[in-house]
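Below: the structure, in structure tokens.
Nothing in this text is a laboratory measurement; each read-out follows from the coordinates by a stated rule. Given the structure is predicted, the values throughout are model-derived calculations rather than measurements. We place every Cβ from the backbone using ideal geometry, glycine too, and count neighbours over all the protein chains shown.
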Amino acid sequence: MQLSTRHLLGIKDLTPDDISLILSTAEQFKEVLQRPVKKVPSLREVTIVNLFYENSTRTRFSFELAEKRLSADTINFASSTSSASKGETLLDTVNNILSMKVDMVVIRHSASGAPHFLAQHIPAAIINAGDGINEHPTQGLLDAFSIKEKTGKLKGNKVAIIGDIMHSRVALSNIYLLKKMGAEVTVCGPPTLLPKYISSALGVNVSYNLRETLEWCDVANVLRIQLERQNQVLFSSLREYNLAYGISRKLLDGLNKEVVIMHPGPINRGVELDSDVADSKQSIILQQVENGVAVRMAVLYLLSGRKSQEH
């Protein structure tokens, strides 16, 4: 089997079969990662450039580790230390890199649509590692993988996405993926952090009440408050936010069931999640980090396989 697309620009472009193929391939790679020798030669002779125009720790390390585990040759590019800081355009940068005969480009960029722009202009396979407030497809995939691993399914699960939906590319990728795979989704947060027409546009439930949402859901995916993307004051203070939408041990203990807790990281401890929730047995946050490598290995492998068959 192969993917229906040459690139991974967003979950929006994937079919349910594509998603199932990526998740099942990631399962195989997760087994590889449990072995004493964690390296496979699957992408030997494949050159991948990691093009990060935005700060990133977990996503960048996760992609780099996935590439090393697959034996790919990698080039790491950070815009702050490159000619981009001297005014070189995105296309110039990529053309320069492509003249080095690169097969794949992993890109994170603050402009929504930057990966799509590259896909139209260059022959390499493009993987979106987060573009503006649009999508973050590999995070959506690793979250889905983690939910399936923990609960045994995606279809029929009730998943709540809680927090700063307005500024979150993670939320959008999660919503697209969960809906395609038959899960029910509720978004929850202050009205100022929820897009106005999200219910009708994306087919999700909207709630402003955290306790009711936690009573409803099987899984709570808690998002970081993204102060760096907010160009106006959208709630009175972090303390006020924590009181209304922060998840505490006391709140979870008051529910009549156990909810799985997730977070894409980095966590603002004491804001979205209290430490005794983030570090509890209900939390699968560390599993998400581990699963990120397997899922990104699957994406790289499947896209490179498609490419080698075409050329």
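One table, with the values for the structure above:
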{"quantity": "Relative contact order of the range 137-286, defined on C-alpha pairs under 8 angstrom at six or more residues apart (%)", "calculated": "23 percent"}
{"quantity": "Lys, Arg +1 and Asp, Glu -1 on Cβ, resulting dipole of the chain about Cα centre, debye, nearest 20", "calculated": "340 debye"}
{"quantity": "Cα gyration tensor shape for the range 3-85, rounded if a/c is under 1.5, else prolate or oblate", "calculated": "oblate"}
{"quantity": "Global form of the range 119-253, assessed from the alpha-carbon gyration tensor, a/c cut-off 1.5", "calculated": "oblate"}
{"quantity": "Distance cut-off 22 Å, percentage of C-alpha pairs in the range 44-136 lying past it", "calculated": "20 percent"}
{"quantity": "Rounded D (µm²/s) - the range 237-279, Kirkwood Rh over Cα pairs, Stokes-Einstein at 37 °C, 0.692 mPa s", "calculated": "304 µm²/s"}
{"quantity": "Helical segments meeting 15 Å axial Cα length and Kyte-Doolittle -0.5 threshold in the chain (DSSP H)", "calculated": "16-33, 137-151, 169-180, 285-310"}
{"quantity": "Hits among lysines - C-alpha to C-alpha of Lys257 under 21 Å, sequence gap 8 or more where chains match", "calculated": "Lys148, Lys150, Lys153, Lys155, Lys158, Lys281"}
{"quantity": "Ellipsoid equivalent to the chain - semi-axes via the Cα gyration tensor, in Å", "calculated": "33, 22, 17"}
{"quantity": "Environment charge at Ile11 (Cβ cut-off 13 Å; Lys +1, Arg +1, Asp -1, Glu -1)", "calculated": "-1"}
{"quantity": "The chain: relative contact order as a whole-number percent, Cα under 8 Å and 6+ apart", "calculated": "21 percent"}
{"quantity": "Shape category assigned to the range 181-297 from the gyration tensor of Cα positions, a/c cut at 1.5", "calculated": "rounded"}
{"quantity": "Ordering of 150-158, 113-121, 166-174 by burial proxy (mean other Cβ atoms within 10 Å per residue, highest first)", "calculated": "166-174, 113-121, 150-158"}
{"quantity": "For Ile133, distant residues with modelled amide H under 5 Å away", "calculated": "Ser112"}
{"quantity": "Under 5 Å, built H, 5+ apart or other chain: amide partners of Ile247", "calculated": "Leu273, Asp274"}
{"quantity": "Listed residues Gln288, Gln139, Gln28, most fluctuating in the chain (Gaussian network, C-alpha, under 10 Å)", "calculated": "Gln28"}
{"quantity": "Computed over the range 1-100: relative contact order in percent, which uses C-alpha pairs under 8 Å that are six or more apart", "calculated": "22 percent"}
{"quantity": "Top positive-direction residue, dipole computed over the chain with Cβ charges, set Gly10, Val37, Ser236", "calculated": "Val37"}
{"quantity": "FRET efficiency, Leu243 to Leu65 (Cβ-Cβ, R0 30 Å, nearest 0.05)", "calculated": "0.20"}
